[in-house]
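Student: This is the structure, below, for whatever I ask next.
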Amino acid sequence: MNTQTLWYASRATGAVSLVLFTAVILLGISTARRHNRPAFPRSATLRLHRSVSVTAVVFLTVHIVTAIADGYVKLNYWDVFLPFTAAWDPLWVGLGSVAVDLLLAVLVSSAVRRRLTVRTWRLVHLASYAMWPIALVHGFGIAGGDGRSTWMLALDVVCIAAVAGMLLVRLRPDRHPDTLQRSVADVVHPRTPPGANR
C-alpha cells in the first residue's frame with residue numbers, strides 16, 4: 001500500500017471515528033436518561049451503544065495504524081499512549097494520545113465492570129465526556145489541513161451541536177428521571193399537605 005493511500009485512509013478513518021464516537025456519546029447520554037420508549041427500549045439503546053462503540057474502536061485502530069504506517073511523519077506506537085512525546089507535532093498528537101488513554105480506561109472498566117462498584121465504573125466511564133472533546137480538538141489541529149477545511153468544520157459543528165443538544169435535554173431538571181418518577185408518583189399517590197385532613 002503506498003504512502004498516499006495510507007494518508008487518505010488515516011484521514012478518512014479519523015473523520016469516521018469522530019462521527020462514530022459522537023454517536024456513542026449520544027447513545028450513552030440517551031441510556032443515562034433511563035427512559036424506555038416503546039419503539040426503541042433502553043435495552044436496545046444499550047446494545048446499539050455497545051455495537052457502535054466496538055465499530056468506533058475498529059475505525060480508530062485503523063486510523064492509528066495507517067497514520068504510523070504512512071511513514072511521512074515520524075510516529076511510533078508508543079506515541080499513541082504516551083502524550084506529548086511524539087517527534088512530530090507533539091501537542092496535537094499528544095491530545096490524540098490523551099484521548100486514547102481515556103478511551104482505554106473506559107474500555108478496561110467496561111470489561112471488568114462486574115468486579116467494580118457501580119460508582120467506580122460510572123466515575124471511570126465519565127472519562128468519555130473528556131475523551132470526545134479532546135479527540136475533536138486533536139482532529140482540528142492535526143488533520144493535515146483537513147481539520148480546518150470547510151467540510152470538516154461543518155462536520156465538527158454538527159457533532160458539537162448534536163452532543164450539546166443531547167446534554168441540554170439530559171440536564172434539564174424537569175427531564176431528569178428522578179423528577180419524572182416523582183411526577184408520576186404524585187399523580188398515582190397525591191400528597192396531602194400536612195393538616196389537610198383536619
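Readers should treat all values here as calculations from the given coordinates under stated rules, not as data from a laboratory. Not measured: the values here are computed from a predicted model. Positions of Cβ are generated from backbone atoms using ideal geometry, with glycine treated the same way; all protein chains shown enter the neighbour counts.
Student: Through the Karplus equation 6.51 cos²θ - 1.76 cosθ + 1.60, θ set to phi - 60°, convert the phi angles of segment 67-78 into ³J(HN,Hα) values in whole Hz; use x for Gly and Pro.
Tutor: Couplings: 5, 6, 5, 3, x, 5, 10, 7, 10, 10, 5, 6 Hz.
Student: Right, another one. Could you give the length gained by full extension between TRP151 and LEU48, i.e. 0.36 nm per residue of separation minus their alpha carbon distance, to one decimal place? Don't skip to the end; give the middle numbers.
Tutor: On the way: separation 103, 0.36 × 103 = 37.08 nm, distance 2.72 nm.
Here the segment from TRP151 to LEU48 would lengthen by 34.4 nm.
Student: Where a ≥ b ≥ c are the square roots of the eigenvalues of the C-alpha gyration tensor, would you call segment 86-176 rounded, which needs a/c under 1.5, or, failing that, prolate if a/b is larger than b/c, or oblate?
Tutor: In terms of gyration-tensor shape, oblate.
Student: A further question on this structure: So what's the net charge close to TRP88: Lys and Arg +1, Asp and Glu -1, counting the other residues with Cβ under 9 Å from its Cβ?
Tutor: On the way: positive: LYS74; negative: ASP79, ASP89.
Here the charged neighbours net out to -1.
Student: Would you kindly derive the ³J(HN,Hα) couplings of segment 53-65 from the backbone phi angles with the Karplus curve 6.51 cos²θ - 1.76 cosθ + 1.60 (θ = phi - 60°), listing them in order in whole Hz, with x for Gly and Pro?
Tutor: With the stated coefficients, segment 53-65 comes to 4, 4, 4, 4, 5, 4, 5, 5, 4, 4, 4, 5, 4 Hz.
Student: Explain nothing, just the number: relative contact order of segment 76-129, from Cα pairs under 8 Å at least 6 residues apart, as a whole percent.
Tutor: Value for segment 76-129: 27 percent.
Student: Can you run phi through the Karplus equation (6.51, -1.76, 1.60; θ = phi - 60°) for segment 89-97 and list ³J(HN,Hα) in whole Hz, with x for Gly and Pro?
Tutor: Karplus values, whole Hz, x for Gly and Pro: 6, x, 5, 6, 5, x, 5, x, 5.
Student: Net charge within 12 Å of VAL73 by Cβ-Cβ distance, Lys/Arg positive one each and Asp/Glu negative one each, not counting VAL73 itself?
Tutor: On the way: positive: LYS74; negative: ASP70, ASP79, ASP89.
Local charge sum for VAL73: -2.
Student: Could you give the dipole magnitude of segment 1-136 about its Cα centre, charging the beta-carbon of Lys and Arg +1 and that of Asp and Glu -1, in debye to the nearest 20? Intermediate values should be presented prior to the final figure.
Tutor: On the way: 13 positive and 4 negative charges, 214 e Å.
Dipole of segment 1-136, to the nearest 20 debye: 1020 debye.
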